[in-house]
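Each remark here refers to the structure printed beneath this line.
What follows draws every value from the coordinates through simple rules; no lab data is involved. Keep in mind that what you see is a predicted model, and the values were worked out from it rather than measured. Because the Cβ atoms are built from the backbone with ideal geometry, glycine has one as well, and the counts that use them run over all protein chains shown.
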């Protein structure tokens, strides 16, 4: 009986609990989630006419939520409001973000000078609800004029033979991508089309060198011209390049002008390039005149190197291509390339363009020297040498000694008028022919070969010599002036006559 009473009591308690759960514990109805609210830092931008903003605009916003928290935002921009018959309506293109500010780079529609941008922002809360009434503002924009600048620090300067190179840049406050076209002209000539994405341009005089003079336009390092027929060029007179750009709204920049540069035309098929002092340069000029041959001169030392190209490629490459025969007169002195920051001898700077020139059949004489620390990397592969003899001790060429031809009596022996030191014999490349050996005086255990002149034949053809290289400066073995003239005549007039 005791167990029965306990069970009955327990059953009553269970029933009471159940009743309490289902009827006595009513906590009320659930509350619906409230959507967030959004505010822009600026409610309105009341600007018109010339006071409109340019296309770069910074905006900020924030959101609040009464029963939760904001987790992100949706942003929409549109330049068009559509009338559906029930009044103006914006069609949103929502993009998600968690940021509360941003710098917008808006584009003004092509052909328009102004535009109204409808910027809308709505908040998203932690339950996925979005603000049903996005915060919006109309941003009044006005197109800005583009700008253009020619880099005067890198352009061709002074007097140049047949080739001019420039670098330029176009910009636009509304975004550089809004620049649609570019044009150029020389002096007061006709404006011509220029690719706005090609910022390095080179002009090369046409081979048909008759008035009115025209040039070819090359982009970058291209080997083929973009087009021919560039007009407005003046020969033996100052030339000024101008460039202007136009944006998608049709606004055109004020033209920018390069520094004036005198352009001359090639007057010979022989080019003398000097990196030596004026007195040494005059010696080579005198020898060439005595042959006689016509030649053009580029003096890379004159006026503190004003004529040196800022861009060895393409500028110097195009200069070489105007000639069939080239003589370079250099030494081991280092000069700085402002473009690459590399300091090395002048011939090393010219090497890459020379290699392309030689490979295409160009004919060249190089007379130079090497210092004890000269890096041979630019020389090997370009010129017919594979190295320079290095040894302890000293070597000299005295006045009763000579450098002697190894290929026949048509090439004279050459002697110094004073004792020469610092001579650097070379090791010929595998495809080179030994041309001259020096009667060296070896001191203090100096050991090595005595090759100071080598030459190479075009594509191995025995009848087509196109490269002669001396590892000493020829003016230093000019005790007999006529011997130098005879050597240059034999090479330029006879060996290179193919």
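Some points to look at:
- Contact order normalised by residue count of the stretch 147-263, Cα under 8 Å, 6+ apart, percent: 32
- A simple spin-label model places pseudo-atoms 7 Å from Cα toward Cβ; at residue 375 and residue 399 they are separated by 4.0 nm.
- Taking 0.36 nm per residue of separation and subtracting the current Cα-Cα distance, fully stretching the chain between residue 324 and residue 390 would add 20.3 nm.
- Annotation: the antiparallel percentage among DSSP beta bridges lying fully within the stretch 147-263 is about 95.
- Span from the the stretch 51-75 Cα centroid across to the the stretch 129-182 one, whole angstrom: 29
- The angle between the Cα long axis of helix 278-290 and the longest principal axis of the Cα atoms of the chain comes to about 60 degrees, rounded to the nearest 10.
- Ordered by the number of other Cβ atoms lying within 10 Å of each residue's own Cβ, fewest first, 388, 452 fall into the sequence 388, 452.
- Between the Cα long axis of helix 2-19 and the first principal axis of the chain there is an angle of about 70°, rounded to the nearest 10.
- Least to most buried among 300, 104 (fewest other Cβ within 10 Å first): 104, 300
- Gain in span if fully extended, residue 410 to residue 306, counting 0.36 nm per residue against the direct Cα distance: 33.6 nm
- Distance from the alpha carbon centroid of the stretch 417-467 to that of the stretch 238-282 works out to 39 angstrom.
- Separation in nanometres of the label points that stand 7 Å from Cα toward Cβ, at residue 419 and residue 289: 3.5
- Given R0 = 41 Å, the distance between the Cβ atoms of residue 47 and residue 195 translates into a calculated FRET efficiency of 0.70.
- From its DSSP helices (H runs of at least four residues, each -39,500 (n - 2.57)), the chain gives a residue-normalised ellipticity at 222 nm of -3500 deg cm²/dmol.
- Each Cα pair under 8 Å and six or more residues apart adds its sequence gap; the mean of these over the residue count of the chain is a relative contact order of 10 percent.
- A rounded overall shape is assigned to the stretch 266-495, the ratio a/c of its alpha-carbon gyration tensor axes (a ≥ b ≥ c) being less than 1.5.
- Among beta bridges from DSSP that stay inside the stretch 266-495, the antiparallel ones total about 55%.
- With both labels modelled 7 Å from their Cα along Cα-to-Cβ, the residue 446 to residue 56 distance reads 6.3 nm.
- Computed over the stretch 266-495: relative contact order in percent, which uses C-alpha pairs under 8 Å that are six or more apart: 19
- Stretchable slack from residue 96 to residue 39, in nm (0.36 nm times residue separation minus alpha-carbon distance): 18.9 nm
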